[in-house]
Each structure stands twice: as structure tokens, then as C-alpha cells.
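Here's the structure, in C-alpha cells; my notes come after.
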Amino acid sequence: MQGCEAYSDISNPNAPVRGYLHRVPGPAAGCLILTHGAGANCQSLLLTTVAESFCAAGLTVLRCDLPFRQQRPHGPPMRGSAERDQDGLRAAVESMRRNFGNAVFLGGHSYGGRQASILAARESQLVEGLLLLSYPLHPPEKPAQLRTAHFPELQVPALFVSGMRDGFATMSEMETALKLIPARTELMQVSGAGHELMTKRNREALAGQIVSRFLSFVRPTD
């Protein structure tokens, strides 16, 4: 993978940063940190393809494994993992700011995006924007168990990208939930996609669409 290298930062031994860095050949326009869902790791098709596209558009990208995945290669997060996973994301942001500067954006797929949004709600100055892929609004077939308690505290601009066949949220449910967020938000709907969003068939087109939509979202014209 051109321009991609293993990355490790143990400045914070309680929350080591490990993953892969997509480095822009020249000056970068900013930095994006991406992390994975509960059943995956940072080498998923979605993250690698989106990272490559963002890098080609001029952003340095870090794909990182959350602390729970660093502890165990398979299986979902254990009970009580969320706070440490948020610590890991904070450490990744600090590492990118320290080493690359510029604007830092944070995002992730499903569980990873949820933890990123909770962290940003608690620390509104941490990052300049959020990219939330397949936000798991509620468990499948349990629409009453909403994961929106932190939404009213979210002061960071956030682009949500959701598949129109996602069992974790219908588009109408997402639109209603986003009204709880006081910050600027936008919902990108992906036709025919489920919770995984990306397949080998739609990967190139979808990655380009996500990059274009996100860059337009975080750099709005006057």
C-alpha cells in the first residue's frame, strides 16, 4: 500500500497508539484519525479504502486499533472497555497534533465512531470535526434503546454516513436523532448499503463520495 507505514506511539503507556499511517508526500491539509467497529480492526476494507482516498486528497490519515482490540485480536469489546477506548482515541489525537499539527479530525465505524462522538462531546476543543460511519443509533430490532444521551452536549461539527439498509438505524431515525445535536451536522445516505457500508463492488465510488462530502462539510463556502 503506497505511502502507508506501521505507526506506534507509547508516550502514554496506559493508552498506546498503534495502527497504520498514510502519509501525504508534501504538506498535508490536515489529519484524520479513523478507527474500527466492535467486530473489526483498523485493517478493515472500509477503513483502508477511505484512508487511501483521504490521503490522495491531501490529508494525513491514521488508522488505529482501539485499546480493546490491542488486547485481544478477535471478539467484541469487553464490558467496561469504552472509557479506555476513548482514552486511546484521545492519545491518538494528541500524537497526531504533536507530530503533524494542522487541523485534526476524528472518526470511526460503528462502535469506534460512537466512542469518538462521546469523547468529542466531553472535550469540545479536542478535534475540528467528526466523521461517523454507520453510527449505531440502537441495537438491531431495539429502537427504544437509543445511544443518544451525549448528543445534546456535542459541540463539534459531525458528518454521519449511513446505509439505507442499516439495521442499527433507519434514515428517519437518524434524521430525528441529529436534531438533538446543537452543532452543525449532515447525514450522507448510502443507497443499498447495510451496516458495513462498503463492498468490493462499491468501494472506489463510495470512498470518493465520502471524501468529497466530508471535505465540503468541514470547509463550507461563505
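The values are calculated or read from the model by the stated rules, or taken from the named source; none is laboratory data. Only a predicted model underlies this, so the values are computations on that prediction, with no experimental measurement involved. Counting neighbours? That spans all protein chains shown, and the Cβs are built from the backbone with ideal geometry, glycine included.
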Could you count how many residues in the range 204-214 are within 14 Å of the chain's Cα centre (by Cα) and among the polar types (S, T, N, Q)? 0
Which numbered condition Arg72 misses (of (1) free of Cβ contacts under 8 Å to residues at least 12 places away in the same chain; (2) within 25 Å of Ile210 (Cα to Cα); (3) of a type in the set (Lys, Arg)): (2)
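Let's see how each residue does on (1) acidic (Asp, Glu); (2) more than 17 Å from Glu186 (Cα to Cα):
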{"position": "Gly101", "(1), (2)": "no, yes"}
{"position": "Val104", "(1), (2)": "no, yes"}
{"position": "Ala116", "(1), (2)": "no, no"}
{"position": "Leu132", "(1), (2)": "no, no"}
{"position": "Pro136", "(1), (2)": "no, no"}
{"position": "Glu153", "(1), (2)": "yes, no"}
{"position": "Val161", "(1), (2)": "no, no"}
{"position": "Gly167", "(1), (2)": "no, yes"}
{"position": "Thr170", "(1), (2)": "no, no"}
Here are Glu123, Glu94, Glu141: which of them is touching an Asp or Glu at 6+ places or on another chain (Cβ under 9 Å) and either without any contact (Cβ under 8 Å) to a residue 24 or more places away in the chain or charged (D, E, K, R) (or both)? Glu94
Output yes when any residue across the range 124-133 is over 27 Å from Thr176 (Cβ atoms), surrounded by fewer than 24 Cβ atoms within 10 Å (Cβ to Cβ) and small (Gly, Ala, Ser), and no when none is. no
Restricted to the range 1-27 and to residues being surrounded by fewer than 19 Cβ atoms within 10 Å (Cβ to Cβ) and touching a residue at least 60 places away in the same chain (Cβ under 8 Å), the residue nearest to Gly112 (Cα to Cα) is Pro16
Among the residues of the range 20-48 satisfying the criterion of being of a type in the set (Gly, Ala, Ser) and over 14 Å from the mean Cα position of the chain (by Cα), which is nearest to Gly75 (Cα to Cα)? Gly39
Quick check on this structure: which one of Ala120, Ala149 is small (Gly, Ala, Ser), under 20 Å from Phe68 (Cα atoms) and not in a strand (DSSP E or B)? Ala120
For the condition within 17 Å of the chain's Cα centre (by Cα) and of a type in the set (D, E, K, R), what is the one hit in Arg201, Arg147? Arg147
Selection status of Arg63, touching a helix residue (DSSP H, G or I) at 6+ places or on another chain (Cβ under 7 Å) and of a type in the set (D, E, K, R): yes
Residues in the range 176-185: is at least one over 21 Å from Val50 (Cβ atoms), of a type in the set (S, T, N, Q) and without any contact (Cβ under 8 Å) to a residue 12 or more places away in the chain? yes
Go through the residues of the range 159-167 one by one and say whether even a single one is out of contact with any helix residue (DSSP H, G or I) (no Cβ under 7 Å at 6 or more places or on another chain), in a strand (DSSP E or B), touching a residue at least 12 places away in the same chain (Cβ under 8 Å) and not hydrophobic (A, V, I, L, M, F, W, C). yes
Tally the residues that are of a type outside the set (Gly, Ala, Ser), farther than 22 Å from Leu32 by Cα and at pLDDT 95 or above, restricting the search to the range 182-222. 1
Residue count, the range 213-222, condition free of Cβ contacts under 8 Å to residues at least 40 places away in the same chain and more than 26 Å from Thr148 (Cβ to Cβ), comes to 3
For the range 121-167, how many residues are closer than 28 Å to Arg98 by Cα and of a type in the set (S, T, N, Q)? 3
Phe68 meets each of (1) within 18 Å of Tyr7 (Cα to Cα); (2) at pLDDT below 95 with one exception, condition (2)
